[in-house]
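The values are calculated or read from the model by the stated rules, or taken from the named source; none is laboratory data. Please read all numbers here as calculations on a predicted model, not as lab measurements. Note that we place each Cβ from the backbone using ideal geometry, even for glycine, and neighbour counts take in every protein chain shown. Side chains are part of the model used for accessible areas, which takes the heavy atoms of the whole protein and leaves out ligands, DNA and RNA. Shrake-Rupley method; radii C 1.70, N 1.55, O 1.52, S 1.80 Å.
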Amino acid sequence: MHAKKLTIWVNKMASLCQPDRVVWCDGSDAENERFLNELTATGKAIALHPEKRPRCHAFFSDPSDVARVEDRTFIASKKESDAGPTNNWQPPRKMKKTMLKLFKGSMKGRTMYVIPFMMGPFDSPLSKIGIQLTDSLYVVVNMRIMTRMGQQALDRLPAKKTFIPCLHSIGHPLAPGEPDPLWPAAPIERKYISHFPEKRLIWSYGSGYGGNALLGKKCLALRIASKMAKDEGWMAEHMLILKITNPEGRHKFFAAAFPSACGKTNLAMLVSKLPGWKVETIGDDIAWISLDQEGRMRAINPEKGFFGVAKGTSYASNPSAMRAVEKDTIFTNVAITDDMDVWWEGIDGKPPAHLMDWKRADWTPDKETPAAHPNSRFTTAITNCPVIAPEWDDPEGVPISAILVGGRRPSTIPLVHESVDWTHGVFMGSMMGSEVTAATISTMLGIVRRDPFAMLPFIGYHVGDYLAHWLEMAEKTEASKLPRIYYVNWFRKDEHNRFLWPGFGDNIRVLKWIFERLDGTAEAKETPIGYLPTRNAIDRSGVNIKNADLDALLTVDPAEWQDELKSINHFYESIGEKLPDALTDVLKHIQAQFEDVAGNQGEGS
Ligand code: GTP
Ligand code: SPV
Ligand code: MN
């Protein structure tokens, strides 16, 4: 029955896109090897040094196709009010009409690959099956790393009863004899990354890069899943999941929402600078969270691999990621050394005298452009990660004790602060801001934008309804069973633009404070914005962090916060009437507390 539905859909899409042939992928090693051989034979991929990077390949995208395109990402819900002010809305009929024209014959001269994949552990009740049709072999070999792909996913179809259809074309049909570019794609104005939330359907046209094309990731596991989660009472979030163990051997699980290129992969694989403390990885980008029978929030990682930022990754900053990419890895838009190894800005050591840059051109250190693209990425299996947690594939998921939110904020936001209750925690998530990074194509790079729970580009419905959903989740259980919410900021700077906090492995010092707050043993002081650590509550053993720097990191400056609260209020107004009143109440309460403090100071001194 379900198999029949699948065949009918595949045939229908094949007659629309008119590929020369249709290939069903089984996900086997042999098949993968065949695909990679084909990709290297056509020059699309470069095989790296067989001893230095065994079974690793490099790809280089077209310079117009290097990141997610938020301007070309659409939510085609029936009603505009269901997409809300933060999404590009299109009426579903119009969207379909536009895209049907583009898809018609879009795979001519190419192969259509059918990729069955599972998001989540095979036997988890929360897992979903997706079927992606694509004319990009690059997408196929990446989806094999990122998802549980192939026959095993197909075998679950009768049990799951349904699948999420994901149609993808790079939008570059070939006339007979026409040469195939190394990275075919459609021009920006013809790219469409479209979601039909009510139909649970994804249509993506014109891009072969990352979240635009690996449809299990942002399209399915966040935009469509967030809508399903809203309807069904669970949550799909842009969060890493980690396991933290203290020196006594007790552990907890934390989830953390940071915007793109703001440190999720790094925190998920943190190598502790504090003896006895240990972090292990469950996931680095997406968490699906539901309430268990006891009323606790449990999370699974729907993915099976990492599509991580290469730039800035080094043995010094993230040794576990470096070890994960030593073998069986795909690199995209990195630079290549003369001995066929990879290189990027921020990797260990000095730049070599000569490289091939991400545009496949000669590069020497005097060249003004970077050798690797700022959004260069590695695709590697989670099982390659040396610090993977044993629970990573547990169908039940792991119980979450703390949710961290954060982003790149050069000022205002302290190193860490704790919410007073769930509603205040949701306020923290709702007001998140961050400097825009290269993970999306944007003219706003470096400018702070509001990004609630790091989900701004990924909420498949109205942002006001999304925030209401966060509040509703709490009504289904007891307050004591909910994770506590913390706001962290590794990116605060001094007046010379220097990071005040060492970050990376030293972030364990903040995780330790959170762990001990949950145990009720760490000290905190109350401020208008929540609980902050006292200076001595942050463990500085084995590192030289000056008192003045730590004091600056823990400063809550009333003048800065006046501006912040104004800016949050402005953002809230843009959300409109669907914004829950409870969040405006928190905003007013914080405002009033600042006024109290100012009043008291005036009277007292
Ligand atoms: P996406 O995959 O785009 O969702 O990104 P991500 O949130 O996983 O970000 P990632 O961990 O890949 O980090 C992105 C960039 O932030 C890298 O260049 C890191 O070097 C830098 N970064 C990560 N953690 C820290 C930190 O603690 N301090 C500082 N200063 N930089 C960091
Ligand atoms: C992000 O941008 O948040 C990513 C990379 O994780 S992509 O898969 O392109 O969305
Ligand atoms: Mn991400």
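Proximity of backbone amide H atoms, modeled 1.01 Å from N, is registered between Ser194 and Phe74, Trp203, Ser204, Tyr205 at under 5 Å, excluding neighbours fewer than 5 places apart on the same chain.
Less than 5 angstrom separates the built amide H of Thr147 from those of Lys304, all sequence-distant by 5 or more or on a different chain. Taken along the Cα-to-beta-carbon direction at a fixed 7 Å, the label points for Asp292 and Glu178 span 5.4 nm. Ligands, DNA and RNA left out, the 1.4 Å accessible surface of the chain is 51% carbon and sulfur atoms. Note on segment 467-579: Cα-only Rg and Dmax are 17.0, 50 Å.
By a straight-distance test (C-alpha under 19 Å), which lysines pair with Lys217 as possible cross-link partners, with residues fewer than eight away in the same chain excluded? Here the lysines satisfying the reach criterion relative to Lys217 are Lys128, Lys191, Lys199, Lys227, Lys230, Lys264, Lys304. For segment 223-280 versus segment 512-571, the spacing of their alpha-carbon centroids is 20 Å. Volume per residue for the chain equals 155 cubic angstrom (convex hull of Cα atoms). For segment 206-346, the square roots a ≥ b ≥ c of the C-alpha gyration tensor eigenvalues yield an a/c of 1.5 or more together with a/b not exceeding b/c, which makes the shape oblate. Using R0 = 30 Å, the C-beta based FRET efficiency linking Lys160 and Lys578 works out to 0.40. Cα centroid distance between segment 144-212 and segment 1-17, in Å? Each part reduced to its Cα centre gives a spacing of 15 Å.
Sequence-ordered 3J(HN,Hα) estimates for segment 215-230 from the Karplus curve with 6.51, -1.76 and 1.60 and θ = phi - 60° stand at 6, x, 7, 6, 5, 7, 6, 10, 5, 6, 5, 5, 5, 4, 4, 4 Hz, glycine and proline given as x.
Averaged over residues, the count of other Cβ atoms within 10 Å places the peptides 259-270, 362-373, 393-404 in the sequence 259-270, 393-404, 362-373, highest first. With all pairs of separate Cα atoms included, segment 431-526 yields a Kirkwood hydrodynamic radius of 16.6 Å. As a calculated quantity, the FRET efficiency between Asn497 and Trp24 at R0 = 56 Å, using C-beta atoms, amounts to about 0.60. Using only the C-alpha atoms, the convex hull of segment 305-379 corresponds to 84 Å³ per residue. In segment 352-391, whose amide N lies under 19 Å from the spot 7 Å out along Cα-to-Cβ of Ser64? List them in ranges. Correct set: 359-360.
Residues in the chain average 39 Å² of solvent-accessible surface per residue, probe 1.4 Å, ligands and nucleic acids excluded.
One-quarter of the Cα convex hull surface for segment 53-202, in nm²?
11.4
Adding -39500 (n - 2.57) for every DSSP H run of four residues or longer, then dividing by how many residues the chain holds, sets the calculated 222 nm ellipticity at -8000 deg cm²/dmol.
Tell me, what is the percent relative contact order of the chain, built from C-alpha pairs under 8 Å that lie six or more residues apart? Averaging sequence separation for qualifying contacts and normalising by length gives 14 percent for the chain. If you take all other residues with their beta carbon under 10 Å from the beta carbon of Glu516, and give Lys and Arg +1 and Asp and Glu -1, the sum is -1.
So, with +1 on the Cβ of K and R and -1 on the Cβ of D and E, and no other charges, what is the size of the charge dipole of the chain about its Cα centre, to the nearest 20 debye? Spell out each step's value before the answer.
Numbers: 73 positive and 74 negative charges, 434 e Å.
The calculation lands at about 2080 debye.
Using C-alpha pairs under 8 Å with a sequence gap of at least 6, the mean separation divided by the residue count of segment 305-379 gives a relative contact order of 43 percent. Coupling constants for segment 455-472 follow from the phi torsions by the Karplus curve (6.51 cos²θ - 1.76 cosθ + 1.60, θ = phi - 60°), and in residue order they are 10, 2, x, 10, 7, x, 8, 6, 4, x, 5, 5, 5, 4, 4, 4, 5, 5 Hz; glycine and proline get x.
Relative contact order (percent) for segment 203-333, with alpha-carbon contacts under 8 angstrom and 6 or more residues of separation? Relative CO of segment 203-333 lands at 21 percent. The packing ranking of peptides 405-415, 98-108, highest mean first, is 405-415, 98-108, where packing means the average number of other beta carbon atoms within 10 angstrom of each residue. Mind checking which aspartates and glutamates have their Cα closer than 19 Å to the Cα of Lys108? Skip sequence neighbours fewer than 8 apart in that chain. Within the straight-line limit of under 19 Å, Lys108 reaches these aspartates and glutamates: Asp20, Glu38, Asp135, Glu178, Asp180. Label-to-label distance, Asp421 versus His589, with points set 7 angstrom from Cα along the beta-carbon direction: 0.6 nm. Packing, taken as the mean count of other beta carbons within 10 Å per residue, orders the peptides 426-433, 70-77 from highest to lowest as 426-433, 70-77.
Of all aspartates and glutamates in the structure, those lying under 17 Å Cα to Cα from Lys52, and not within fewer than 8 positions of it along the same chain, are Glu326, Asp328, Asp338, Asp339, Asp341, Asp348. Checking the Cα-Cα distances for Lys481/Lys588; Lys4/Lys578; Lys327/Lys493 against a 30 Å cut-off, the pairs over it are Lys4/Lys578; Lys327/Lys493.
The HN-Hα couplings worked out from phi for segment 276-282 by the Karplus form 6.51 cos²θ - 1.76 cosθ + 1.60 (θ = phi - 60°) are x, 8, 9, 10, 10, 9, 10 Hz, whole numbers, x standing for Gly and Pro.
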